[in-house]
Each structure stands twice: as C-alpha cells, then as structure tokens.
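Everything on this sheet refers to the single structure shown next.
The values are calculated or read from the model by the stated rules, or taken from the named source; none is laboratory data. This is a predicted model, so every value here is computed, not measured. All Cβ positions, even for glycine, are placed from backbone atoms using ideal geometry, and neighbour counts span all protein chains on display. Accessible surface is based on the protein model in full, side chains and every heavy atom, while ligands, DNA and RNA are left aside. Shrake-Rupley method; radii C 1.70, N 1.55, O 1.52, S 1.80 Å.
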Amino acid sequence: MSKAIENAAEAVEKDIQKASGSPYRLGYHIMAPARWINDPNGLIQWNGEYHVFYQHHPYDVKTGSIHWGHVKSKDLVNWEHLPIAIAPDKEYDKSGCFSGSAVDNNGVLTLVYTGHVEEDGVITETQCIAESTDGIYFTKHPQNPVIAHPPEGASHDFRDPKVWKHEGKWYMVIGSQKNKLGNVHLYESDDLLSWKDRGAIVKSDGKLGFMLECPDFFELEGKHVLVFSPQGVKAEGDKFQNLYQTGTLVGEFDYANAEFKYGEFTELDAGFDFYAAQTFKDDNGRRILFGWMNMWEAHMPEQEHGWAGALTIPRELTFNEEGKLLMKPVKEMELLRGKKFTVGPMAVSGTEKLEIAGDCLEIIAEFSKENASSFGLNVRCSEDGQEKTVIRYDAADEKIVVDRNQSGAGEGGVRKVKIKSSNTIKLHLFIDRSSVECFVNDGEAVMTSRVYPKASSTGIELFVESGEVNLLSLEAWNLKDIWAR
Ligand code: FRU
C-alpha cells in the first residue's frame, strides 16, 4: 500500500467513530467510512463480485484532494469497505484522481480516471490508468497520462472517462468543453494506452450547458443511451430545478462514422439530490445505475458529524413499451427486508397515522385515485406534527410532489414531476435515516432527496385532501442496517 493511501486511511479513521454515531448515518447506502464522497466511479462486476468506487476526500467533510474510495459486494446490497484504491500522489494527478470507470482487461481490473492538477492558477486534466490483479491494490501505469491533452481547440475541462469494449476495440466517452459549450467526445483504442479522438458525439448548443460531466454511453434494448451530467442547463417549469442536472439522450449510434442521432434531453430523477450517475452491465445482462445522492453546493448537515455524501441504491434501467426509460430498484433490495406490515385494502379520507414506524423502511403503496384532489404519504413524521416529508399526488395537474419544507435540518423546497394519466398511483419508497427515494408507477418517475429529521421522527401517515381514495394495498418492511456494528 502506498504511503499516500496509508496516510489517507489514518486520516479517515479520525472521524469514523463520530460518523457512525451520527443520527443521519445511512443504514443501507454506500458511504465512505467517514468524511466526504461524491460521484460513483468504476462500477463493475469483476470475478463475480460487484465493485463500486467513489470520489472520496479522506482529509475533510468537504471536497478537496480527491482519492478513489472502494467497496465491494457479492449481492449488490451487503457492502464491505476496502482500502482506498488510488490517491493523488503523482505529478499528473497531484490535485485529485477525478471520476472515471473500470474495465476488465484480460483479467486485470483497470481503472481509467482523470488526473487533475491545479498549479499557479492553471488547471490541467489528463486521462490515466491504474491496474490491479487482486481487485484491492492498484498500480498506476508507467505510461500515464495515456491521454495527455484535451481535444483540439478545447478548454482544460476534460474529464470523467467511461470506457467499454465493442467488437474487440476499446471506446471511451469523455466530457469536454469548447467555446464555453459542453460536449462529449468519443475516443478509440486497441490497448487502453494509445487513444484516437473520433470527435464529438454530442455538442451543447447552449441549451445543454457549458460542461457535460460524467458521460456514460451504452446500448440498451437496441437503442443507445447517453447518461450525462450537464452544468448550466436552465430551469424550465418543474424541470432542471437543481444546480446541475443528470439525464439522458436516447437514440441511434453508428460506430463506423461516430454519429449519434438523439432526441430530447430528459432528466433521470426529479428529486433534490441526484448527480453524476454511472451505470454498468452485470453478469446477468442488467444495466444497473448508481448516482451520487447529493448536489454540489447543497447544505449537508451530516458534515457536523464527520461525514458527507452517499450513493443512491442500485437501480435497474429498462424501457417500457412506449420507449420511456424506467429506473427501478434492483430486485436484490428485497434481501434487506425484515419485519413486514400490511395495510388495506381500505378507503381513506383525512389523515391516518399508520402502525408502521421507522427510519430504515421500504413502503409500497398503491392507490386508486377516485375523487380526491390530492393524497399521499407523510414520512418521517414527528409526534407533534411539526416534522414530516410529504410525498403527494396532485390530481389536477397529474404531478407527484416531494415537499421537504418540514423535513427538519437541511434545505427545504418542493420538487414536482408530471406523470402519465392513470387511475392508480403506485409509490415505492426507500427511507433511510437521511434519505428518501421515491419510485413512482414502477419507475416511470423517481425522486431522490436527502432529509434531516430528528431521529425520533419516525411516523408514517396516509392523507387525503378533500374526497376519498382507495388504498388498494400497502406493504412495508423494516430494512436491515448493513453497517450496524
Ligand atoms: C462531478 C465532478 C466530475 C469530477 C468530479 C470531481 O460531480 O465534478 O466532473 O471528475 O466531480 O470530484
């Protein structure tokens, strides 16, 4: 293990006790043992095991000199921490090992990442490689950086390589910027060391912003999907409300002339805290996504407790019959289920407190909307009614609303998303101490938010504002705390 990694591990250790005692500490999400994390990196199933890396600052609860943290799992839900994989200890990455991906190169687990250097006010970003044969300890390649310069005429913003293999060749998509507009370049290689620029496959015309971070490009059910995180997209009604966005372009791609024909930019998650998502294909052929469950510049109350940031639960991507991209919790989440509760079927009017309570819960509630103007679930409710996080369906405009104005510490606000007309509304919630992930109508819309209620605010309520709804069914489970000591 390098000295830089040993030092980093010692630094993190100083906040582990404080972090594990934090009332906001999550029970079944990926976090660093303590201190700062941001983007998911290097997602891969390698030798049968799932590996997830993440942007990690071991020296503080805010971003700084970025390392790659590392966890692995046999089943996508029970994770174990591994030593920090790479530290910024070389001339070419000395200010940070920025985001990137992982591939299996003939049995060698190979990380491809951005070396970030800031010196005398000048920023340089290059692409680098680190290799491991045991999946734990990594060695940086002597030929680093393997891409030493941004594309012709581009700015220094050149980062977040996502690499995959197609018909015997390696390909990479990477975020870059030219004339203050973001774009995604495609590169090609035979050996991961020498790369050829095939040009931009997506260029912002201004509407897509000034920088496209964390691109990821893959084929799904015969279509090509680019997941990426643009900076500088303007808010448009309910859409694009966060500081930065993460979304998709779906279309057709032709490798021969590197041409991508695509439709509208669509946000992937309409909540408050979702960014820099990445995907991988697992051994079962599923396309699985993790996002960073925070937003740049957001207030993160857990920082007072020696940690900051987490990844979302893993989500499977599929298309529905209408060609809409769906995001659903992976089936393995069921492995976390403990005690089960059921409610209904029954008619609901007014507000009804349920027997179920908790801060690590899964809830699946299906409603038939009848004549109610709005209805839904209040979660993380306090006894005195002062605290609650509201998940509501508004019938007049057919929108799902997440209202965290009474969610406790942290930022308030409201997010809304329009859903397709339907008589039944299914809300599938994953509640974890300081997060709520809400999957609507089997993945048609997803809203992910951090919330910071008091530990004692564990109540769950059903509510209907004017009129009546039928609760067709409600199932809930206590979920396991995988990090419990
Ligand atoms: C996205 C991002 C990436 C960069 C990383 C740095 O959140 O800004 O573009 O590689 O974070 O930590």
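A single member of Asp197, Asp216, Asp238 is outside the structural domain of Thr448 (by TED's automatic domain parsing), open to solvent by less than 10 Å² (accessible area, probe 1.4 Å), at pLDDT 95 or above and of a type in the set (D, E, K, R), and it is Asp216.
Hey, among Phe341, Phe375, Phe319, which residue is in the same structural domain as Arg404 (by TED's automatic domain parsing), closer than 29 Å to Gly247 by Cα and at pLDDT 95 or above?
Result: Phe375 is the single residue among Phe341, Phe375, Phe319 that is in the same structural domain as Arg404 (by TED's automatic domain parsing), closer than 29 Å to Gly247 by Cα and at pLDDT 95 or above.
Pairs linking a residue in segment 234-248 that is touching a residue at least 60 places away in the same chain (Cβ under 8 Å) to a residue that is in a loop (DSSP other than H, G, I, E, B) and within 16 Å of the ligand (Cβ to nearest atom), with Cβ atoms under 9 Å and 6 or more positions apart or on different chains, are Gln241/Phe272; Thr248/Leu268. In segment 162-175, the qualifying residues are those that are over 14 Å from Leu226 (Cβ atoms) and crowded, with 17+ Cβ neighbours inside 10 Å, and the one that is farthest from the ligand (Cβ to nearest atom) is Trp170. If the condition is being of a type in the set (S, T, N, Q) and out of contact with any strand residue (DSSP E or B) (no Cβ under 7 Å at 6 or more places or on another chain), then segment 138-191 contributes Gln143, Asn179.
Consider Glu80 carefully, then state whether it is part of a strand (DSSP E or B), more than 18 Å from the chain's Cα centre (by Cα) and at pLDDT 95 or above. Criteria met by Glu80. Of the residues making up segment 304-327, those that are crowded, with 17+ Cβ neighbours inside 10 Å and of a type outside the set (A, V, I, L, M, F, W, C) number 7.
Listed here are the residues, each with its yes/no results for (1) crowded, with 22+ Cβ neighbours inside 10 Å; (2) within 20 Å of Asp134 (Cα to Cα).
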residue: Ile84; (1), (2): yes, yes
residue: Tyr92; (1), (2): no, no
residue: Ser101; (1), (2): yes, yes
residue: Asn105; (1), (2): no, yes
residue: Tyr113; (1), (2): yes, yes
residue: Val117; (1), (2): no, no
residue: Asp120; (1), (2): no, no
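Residues in segment 46-77 that are more than 17 Å from Ala130 (Cα to Cα), within 16 Å of the ligand (Cβ to nearest atom) and in a strand (DSSP E or B): His57 alone. Across segment 446-485, the number of residues qualifying as outside any strand (DSSP E or B), out of contact with any Leu (no Cβ under 6 Å at 6 or more places or on another chain) and not polar (S, T, N, Q) comes to 9. Scanning segment 400-445 for residues being within 29 Å of Ser20 (Cβ to Cβ) and part of a strand (DSSP E or B) gives a total of 12.
The residues of segment 204-226 that are of a type in the set (A, V, I, L, M) and away from the ligand (no atom under 13 Å from the Cβ), listed by number, are Leu208, Leu220, Val225, Leu226.
What do you reckon, is Leu335 part of a helix (DSSP H, G or I) and either crowded, with 20+ Cβ neighbours inside 10 Å or of a type outside the set (D, E, K, R) (or both)?
yes
Within segment 84-110, the set of residues being more than 16 Å from the ligand (Cβ to nearest atom) and either among the polar types (S, T, N, Q) or not in a strand (DSSP E or B) (or both) comprises Asp89, Lys90, Glu91, Asn105, Asn106, Gly107, Thr110.
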